[in-house]
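Every number here is computed from the coordinates shown, using simple stated rules; none is lab data. As the structure is a computational prediction, the values presented were derived from the model and not from experiment. Virtual Cβ from ideal backbone geometry, glycine too; neighbours counted across all protein chains shown.
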Amino acid sequence: MYKLLKTEGAARRGEFETVHGTVQTPAFMNVATAGAIKGAVSAYDLRELKCQVQLCNTYHLHLRPGDETVKKLGGVRKFTGWDGPVLTDSGGFQVFSLAKLRRIQEEGVTFASHIDGRRIFMGPEESIRIQSNLGSTIAMAFDECVENPAEYAYAKNSCARTARWLERCKAEMNRLNALEDTLNPNQLLFGINQGCTFADLRIEHMKRIAALDCDGYAIGGLAVGEPAEEMYHIIESIEPFMPKDKIRYLMGVGTPANILEAVRRGVDLFDCVMPSRNARHGHAFTMEGCQNLLNAKYELDEAPLEEGCSCPTCQKFSRAYIHHLFKAGEMLAMRLTVMHNLFFYNNLLEKIRKSLDEGVFEGFYRENVEKLSRRI
């Protein structure tokens with residue numbers, strides 16, 4: 001499954017083999033929450049944007065159109081048209097962030113749909129069954145996402161419950177993968193490390209879930225408002241306790257500089273809505289920093305979003321034209337900028353992999369980490 005090819009410090013270069021294709025790591029997963037990238041970008045566009053993995057969301061697809069419907073249509077890959085690996089998020093984060101009314105019990109969580117308010121129950125078994133119906137390559141375990149800052153006692157109890165839920169997720173996946181009508185009998189399961197910003201809880205929880213021998217391990221509950229330095233400290237604290245032979249995924253992160261910092265600390269896999277969300281508001285990422293296309297200075301700028309960029313947007317369109325599209329309220333502005341930003345993220349990870357292959361990652365990090373944080 002995961003093959004560690006080489007290291008430079010804590011940074012890792014690897015390959016992750018799945019039934020739907022091999023992922024070169026470190027890698028960035030492109031977020032297609034409800035089966036599409038926000039900004040009118042389809043799965044067919046993603047190949048051109050150097051995407052390796054599409055991420056879809058269990059909660060959203062369960063509510064609409066329904067996971068049973070997606071199963072009848074051949075699974076999330078056939079449904080969206082993406083032929084590569086797909087990771088489905090368990091729905092845990094959405095249950096805890098979107099559902100205003102919720103009740104947590106050992107069995108799972110009862111909550112109100114953010115669409116129509118109807119009462120829904122989701123626990124470990126339900127989450128895994130939904131993800132099995134979706135037929136994704138990788139299913140995430142159902143976990144509790146605790147708000148930061150949290151009380152230590154609550155965070156400790158939540159960690160214990162998340163570990164118990166992981167055991168139930170694993171048992172249910174084993175059962176479902178053995179059934180004849182399962183869409184993907186080779187579905188993989190990733191466990192999620194929790195513990196807020198308490199390093200001792202994080203380490204204790206990591207040890208416990210590592211013993212369950214999942215196919216990969218994620219770090220959850222970070223990038224939710226805590227300072228970046230605190231996030232880096234937590235990664236450094238738990239990294240020694242993460243299995244070396246399993247892929248590592250930092251959930252919901254982040255800025256280009258965050259990714260560079262996390263790769264340096266031993267992370268393999270990332271996802272974030274930032275490239276598409278920022279693009280829809282006129283912000284384009286480049287290796288020199290982030291530019292705001294709404295600024296008047298781009299009105300007569302005939303250059304592409306980034307000089308030397310080979311994305312479909314930069315090959316054909318100017319900053320001036322995209323500036324005009326945003327001012328005119330044209331949807332094409334969003335599509336073109338989202339495509340550039342996704343390409344930029346995927347291309348950045350390709351550059352990181354190349355620097356690791358050549359043994360010059362530390363130099364690449366030092367040369368680019370500050371530039372990537374700039375606002376142009």
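Descriptive notes on the structure:
- Footprinting exposure proxy for HIS205, HIS281 (fewest neighbouring C-beta atoms within 10 Å first): HIS281, HIS205
- In a fully extended conformation the segment linking LYS78 and GLU239 would gain 54.4 nm over its present Cα-Cα distance, using 0.36 nm per residue.
- The residues neighbouring ARG280, those whose beta-carbon lies less than 13 Å from its own, together hold a net charge of +2 under the Lys/Arg +1, Asp/Glu -1 convention.
- Furthest towards positive pole of dipole, GLN291, LEU212, VAL267, structure part the chain, Cβ charges: GLN291
- One chain, two ends: THR7 and ALA303. Fully extended at 0.36 nm per residue, the span grows by 102.8 nm beyond their Cα-Cα distance.
- Taken along the Cα-to-beta-carbon direction at a fixed 7 Å, the label points for ASP181 and LEU212 span 2.8 nm.
- Extension gain from ALA112 to GLU229, taking 0.36 nm per residue of separation minus the Cα-Cα distance: 38.6 nm
- Listed from fewest to most Cβ neighbours within 10 Å, the set THR197, THR137 follows the order THR197, THR137.
- In the chain, the longest principal axis of the Cα atoms and the axis of helix 331-357 are about 80 degrees apart.
- Note on the chain: helix-only mean residue ellipticity at 222 nm, from DSSP H runs of 4+ residues weighted -39500 (n - 2.57) and normalised by residue number, equals -12000 deg cm²/dmol.
- The spacing between segment 268-296 and segment 69-118, judged by their C-alpha centroids, is 26 Å.
- Candidates per GluC sites (Glu not before Pro) in segment 259-314, loop by DSSP, up to 13 other Cβ within 10 Å: GLU288, GLU299, GLU302, GLU307
- DSSP bridge pairs, the chain: antiparallel proportion in percent, nearest 5: 50
- For the chain, the longest principal axis of the C-alpha atoms and the axis of helix 124-134 are separated by about 50°.
- Two-site FRET efficiency, ILE104 against MET331, from Cβ-Cβ distance with R₀ of 56 Å, rounded to 0.05: 0.90
- Estimated inter-spin distance, ARG277 and ASN157, nm [label 7 Å along Cα→Cβ]: 3.0
- C-alpha long axis of helix 228-238 to longest principal axis of the chain, angle in °: 40
- In the calculated pair-distance distribution of the chain, the portion above 28 angstrom amounts to 45 percent of the Cα-Cα pairs.
- For segment 123-175 and segment 245-262, distance of Cα centres in Å: 20
- Listed cross-link partners LYS244/LYS371; LYS78/LYS354; LYS78/LYS246; LYS3/LYS170; LYS50/LYS316 are compared with a 20 Å cut-off, the Cα-Cα value being larger for LYS244/LYS371; LYS78/LYS354; LYS78/LYS246; LYS3/LYS170.
- Our analysis of segment 279-363 gives Rg over Rh at 1.05, with the two radii drawn from alpha carbon positions and Rh computed by the Kirkwood formula.
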